[in-house]
1. Output the peptides 62-70, 14-22 sorted from most to least packed, where packing is the average of other Cβ atoms within 10 Å over each peptide's residues.
2. I need the phi-derived Karplus couplings for the stretch 6-16: 6.51 cos²θ - 1.76 cosθ + 1.60, θ = phi - 60°, integer Hz, Gly and Pro marked x.
3. Return the long-range amide H neighbours of ASP42 (sequence gap of 5 or more, or a different chain), with a cut-off of under 5 Å between placed amide H atoms.
4. Report the calculated FRET efficiency for GLU84 and ASP42 (r = Cβ-Cβ distance, R0 = 25 Å), to the nearest 0.05.
5. Quick query: amide H of VAL111 versus all other amide H atoms, modeled in the peptide plane; which residues come in under 5 Å with a sequence gap of 5 or more or a different chain?
6. Rounded to whole Hz and in sequence order, give me ³J(HN,Hα) for the stretch 98-111 from the Karplus expression 6.51 cos²θ - 1.76 cosθ + 1.60, θ = phi - 60°, writing x for Gly and Pro.
7. Would you mind putting 107-115, 88-96, 46-54 in packing order, based on average other-beta-carbon counts within 10 Å, highest first?
8. Would you calculate the separation in nanometres between label points at ALA53 and ASP93, each defined as 7 Å from the Cα along the Cα-to-beta-carbon direction?
Amino acid sequence: VKVEGSDDKLVVSPLSATSADVAVITTALSKELKGVKFVVADLKFESDKQPVAGTKITLDVTKFDNVKAAKYVAVYSVKDGKFELVDTVEVKDGKITFAPKHFSTYVFADVSANINDETLGVNTAVVVASVSLLLAAAVAVIASKKRVEE
C-alpha cells in the first residue's frame, strides 16, 4: 500500500464473507450484475486521521482474491448508509490508484466484463449507474437493520 504524501500507515481490513453487510451486498450484486466479483474492505490510517483532500492511495489488488485478475475495478465508498462511486480505475501491474475523500468501508468490484477499451465511457456509465442504484438499496437495508437492532 502506498499513500502519496503521508508517512502514516494505511490499514486495509477486508470484511469477512460471512459479515451481514457483505451478505446484503452480495445478494444485491448477484441479482443485478451476474458474475461480478467484489471485495469489501475497511480503509483507515493507523493514527485514525482522515486523508488530506486529493491524497492518492495505491493498493495491490492481487491481495484481494475476488478482483486480483481484474482489468478494471469500480471503487465505491460506503459511509453513513450511502454508497458513492469514487472511481473506475484500470489495474496496472496488479495495482490501482484512486483518491478517497475519506477513509471508511469500500467496495472494490471487478467490472472488466462490462467495459471494453473502445467504449469505456459509455459502458462505465451504465455499470456505474446500475451498481450505484443497487448498492444504495443494499445500504438502505443495512442501515434500517442497524436502526432496528439499536
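Any read-out appearing in this document is the output of simple, stated calculations on the displayed coordinates, not a laboratory observation. Just so it is clear, the model here is predicted, and its values are computed rather than measured. Reconstructed Cβ throughout: ideal geometry from the backbone, glycine too, with neighbour counts over all protein chains shown.
1. Numbers: 62-70: 17.0, 14-22: 13.9.
Top of the packing list down: 62-70, 14-22.
2. 9, 9, 5, 7, 8, 9, 10, 10, x, 7, 5
3. SER13, LEU15, TYR106
4. Working: r = 16 Å, r/R0 = 0.63.
With R0 = 25 Å, the Cβ-Cβ based efficiency is 0.95.
5. Counting only residues 5 or more places away or on other chains, the set is TYR72, VAL73, ALA74.
6. Couplings: 8, 10, x, 7, 7, 9, 6, 8, 10, 10, 10, 10, 7, 10 Hz.
7. Ranked from most to least packed, the peptides come out as 107-115, 88-96, 46-54.
8. The modelled label-to-label distance comes out at 3.1 nm.
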